[in-house]
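**Student:** Once you've had a glance at the structure underneath, I'll fire off some questions.
The values are calculated or read from the model by the stated rules, or taken from the named source; none is laboratory data. Predicted, not measured: the structure shown is a model, and the values here were computed from it. Using ideal geometry, Cβ is built from the backbone for each residue, glycine included, and neighbour counts are taken over all protein chains shown. Quick note on the areas: whole protein, heavy atoms, side chains included, nothing else; ligands and nucleic acids left out. Shrake-Rupley method; radii C 1.70, N 1.55, O 1.52, S 1.80 Å.
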Amino acid sequence: MNSTDHLQNRHVLVVGGTRGIGKAFSHLAVEMGAKVSILSRTPQAQPPAPGARFYQADVSESVTIDSAIARVLADQGRLNGLAFFQRYRGKENAWAGNITATLTATKEVIERSLEHFDTAQDASIVVLASSASRFVADEQDEGYHAAKTGVVGLMRYLAFKLGPKGIRVNAVSPGTLLKEESRKFFLENHRLQRMYQRITPLRRMGTAEEVAQVVAFLLSPASSFVTGQEIWVDGGVSLHWHESMARAWLEKPLTE
């Protein structure tokens, strides 16, 4: 199978594909020949990815899920894959917002999609996790950490339970990335760029497109015997013991 057609003719439902990694993946999936349906609560004048179909739906409101999935199926047919990129971006009641948008919505969309998978072919689900499932990222709140940790546990449970049905479930945990929305900030902040280059074994920042490639692999038949895994896409930064990293900075601080 050529790397450009991993998703040829496969119907992938993308939850939260209007920005960041979700948008990058939607573009890539279309290029790979997939039928892409995007669910998002954010109204769009045009589909986030040319060639994809957009459906406005707030998956954190469970009453909207069934009708949204029904519209998707009527237009594009049975599912081969599900990819979750949504997150809570509000400021009020962040605990409940994160749990509902990230964890509960993922569980409910999966439950209501199961009977609509074409399990005669390879079927796959990918959830976007985070390094905050294992480490504390103090720029994020407790709700974000709890939700991302929970979604990894949910992924493992569902991989075990859905395996006999022929449905694979995996997670991808990215590091800090150059995304469409943040690229300008990082490229203009040279000191911050040098910091990421120094702490990352590959000596550079990753991109949303590189994470999208991993998601595409996990949704394709090329990964047909991979399930229940959390794949870290961080250039190796999580390999470095933090005390060793701190000592290195003491010995050779980053200068202007």
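**Student:** Filter region 37-69 down to residues that are farther than 18 Å from R112 by Cα and of a type in the set (A, V, I, L, M), then give me how many there are.
**Tutor:** The number of residues fulfilling the criteria is 3.
**Student:** Same structure, new question: So which residues in region 170-190 are aromatic (F, W, Y) and open to solvent by 80 Å² or more (accessible area, probe 1.4 Å), if there are any at all?
**Tutor:** Residue satisfying the conditions is F185 alone.
**Student:** Of the residues in region 47-100, how many are part of a loop (DSSP other than H, G, I, E, B) and in contact with a Lys or Arg (Cβ under 6 Å, 6 or more places away or on another chain)?
**Tutor:** Qualifying residue count for the region: 3.
**Student:** Anything in region 92-131 that is modelled with pLDDT of 95 or more, among the hydrophobic types (A, V, I, L, M, F, W, C) and within 25 Å of G77 (Cβ to Cβ)? List them, or say none.
**Tutor:** A105, V109, I110, L114, F117, A123, I125, V126, V127, L128
**Student:** Something else now. Can you go through V63, V30, V36, V12 and tell me which one is open to solvent by 10 Å² or more (accessible area, probe 1.4 Å), out of contact with any Asp or Glu (no Cβ under 7 Å at 6 or more places or on another chain) and either charged (D, E, K, R) or under 25 Å from L178 (Cα atoms) (or both)?
**Tutor:** The conditions single out V30.
**Student:** Just give me the residues in region 135-165 being touching a residue at least 12 places away in the same chain (Cβ under 8 Å), hydrophobic (A, V, I, L, M, F, W, C) and part of a loop (DSSP other than H, G, I, E, B), in sequence order.
**Tutor:** The one that is touching a residue at least 12 places away in the same chain (Cβ under 8 Å), hydrophobic (A, V, I, L, M, F, W, C) and part of a loop (DSSP other than H, G, I, E, B): F135.
**Student:** Is at least one residue of region 236-245 without any contact (Cβ under 8 Å) to a residue 60 or more places away in the chain, among the small types (G, A, S) and more than 30 Å from P164 (Cβ to Cβ)?
**Tutor:** yes
**Student:** Starting from residues that are in a helix (DSSP H, G or I) and of a type in the set (G, A, S), keep the ones in region 109-134 and report whichever is nearest to V211 (Cα to Cα).
**Tutor:** Step by step, filter region 109-134, then rank; the result is S131.
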